[in-house]
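Student: This structure is in structure tokens; I'll ask about it shortly.
The values are calculated or read from the model by the stated rules, or taken from the named source; none is laboratory data. What you are looking at is a predicted structure, and each value in this text was computed from that prediction instead of being measured. Using ideal geometry, Cβ is built from the backbone for each residue, glycine included, and neighbour counts are taken over all protein chains shown.
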Amino acid sequence: MRGLGTILWLGLKELRVLRADPVLLLLLLYTFTVAVYTVATGMKTEVRNAAVAVVDEDRSDLSRAIAAALLPPQFRPAVAMTPAEVARALDAGRITFALQIPPRLEADLLARRPVNLAIDVDATAISQAGNGSGFIQQIVQQEVAARLGGTASPIDLVLRTRFNPNSTPEWFSAVMQVVNSTLILSIILPGAALLREREHGTLEHLLAMPVTPLQILLAKIGANALVIVGAAVLSLLLVVHGLLGVPLAGSLALFVLGTVLFQLSVAALGVLLATVTSSTGQFGLLALPSIILMMLLSGSMTPLESMPPWLQWAVQLLPTTQFVALSQAVLYRGAGLEVVAPRLAVLAVLGAAFLGVTFLRLRRSLAG
């Protein structure tokens, strides 16, 4: 009980220090509010308002219908151009797609003769280029089927979208930004707290008191976990669900449990990085690539299935990979404990491992 009381008092000291630091408080507020909202509404990889031109050499009802079907939100209204104008517009970056309709398009189709249409694509933004060209092909096939009768394909594919029926990108990016914000602050705040103690000379005062390195470690991680997990939950409720209108399908308590285990792992990593550096500048230079690597390989920005097989196995050892999969299962698909229990177990094991290594390193550094 005495040890728990010591951890509690040390944790309260950490909270008072955080409350007295306006820069960290502003960072905390910005990361879980403004950053979440701006990333969710501004970072889009799908096709939106793409500039498209049409070279209509047929001038038929069908060709005009195809041009008129290129509509928002995927495309801006199509602009009529000549082949020479298309080349200049692509070079200048004024358009992304150019659909070239050959002469006698409708007449050849009615006569059952083969017809070739060309789509010139600016593939600078490869994701938008690939998705946009697919949309244009679908639009052409639908208009041909509607104008000439019959179907463009012998198969009528009915698409049913689950969990995000309107394919709204904000639903995905908002929650993933909360996850990324939790990662960033869970590494920075505990590590910065330890370095601040060392640089201000208060760490030596702590060592002169009847406290152990484990109590110092648990107090710093626990105090910052209370703040970060609380901020993440408020961000989900007020910004993601309240302001952006993203539905939260699963149990918030289950998400909080996963967040606590995840925060334990990455906070221990932050303290570990602080023990191998001698200044805040060095800590920042070491923490930045670690954060970027864990974010890029977690599945929050790119799907794991697109990675090489050996890398898909390797990133399972990262707590961010487990937490991203858990968050998506709980908040998007409404998964229960029986589904995410293996993820929670892995997070607990990784947290214990990171905490053990960090404790040994902290004890060695304090003893030296």
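Student: Could you check how many residues of region 163-202 are assigned to a helix (DSSP H, G or I) and among the polar types (S, T, N, Q)? Please lay out each step first, then the result.
Tutor: Within region 163-202, the first condition is being assigned to a helix (DSSP H, G or I), and the residues that meet it are 169-200, 202.
Adding the requirement that they be among the polar types (S, T, N, Q) leaves 173, 177, 180-182, 186, 202.
The qualifying residues number 7.
Student: Only one residue in Leu272, Leu286, Leu217, Leu264 is closer than 22 Å to Phe32 by Cβ and either assigned to a helix (DSSP H, G or I) or of a type in the set (D, E, K, R) (or both). Which one?
Tutor: Leu264
Student: Right, something else. For region 290-332, give me each residue that is free of Cβ contacts under 8 Å to residues at least 12 places away in the same chain and of a type outside the set (Gly, Ala, Ser).
Tutor: Listed by number, the residues that qualify are Ile292, Leu293, Leu296, Thr302, Pro303, Glu305, Met307, Pro308, Pro309, Trp310, Gln312, Trp313.
Student: Against the definition (at pLDDT 95 or above and part of a helix (DSSP H, G or I)), how does Leu234 come out, yes or no?
Tutor: yes
Student: Give the residues of region 69-104 that are more than 35 Å from the chain's Cα centre (by Cα) and of a type in the set (A, V, I, L, M), sorted by residue number.
Tutor: Passing the criteria: Ala80, Met81, Ala84, Val86, Ala87, Ile101.
Student: If you don't mind, there's one more thing I want to ask. Quick one: in region 48-66, which of the residues that are in contact with a helix residue (DSSP H, G or I) (Cβ under 7 Å, 6 or more places away or on another chain) and small (Gly, Ala, Ser) is surrounded by the fewest Cβ atoms within 10 Å (Cβ to Cβ)?
Tutor: Looking at the filtered set, the residue picked out is Ala65.
Student: Of the residues Leu257, Leu311, Leu297, which single one is more than 21 Å from Ala219 (Cα to Cα) and either out of contact with any helix residue (DSSP H, G or I) (no Cβ under 9 Å at 6 or more places or on another chain) or surrounded by 13 or more Cβ atoms within 10 Å (Cβ to Cβ) (or both)?
Tutor: Result: Leu297 is the single residue among Leu257, Leu311, Leu297 that is more than 21 Å from Ala219 (Cα to Cα) and either out of contact with any helix residue (DSSP H, G or I) (no Cβ under 9 Å at 6 or more places or on another chain) or surrounded by 13 or more Cβ atoms within 10 Å (Cβ to Cβ) (or both).
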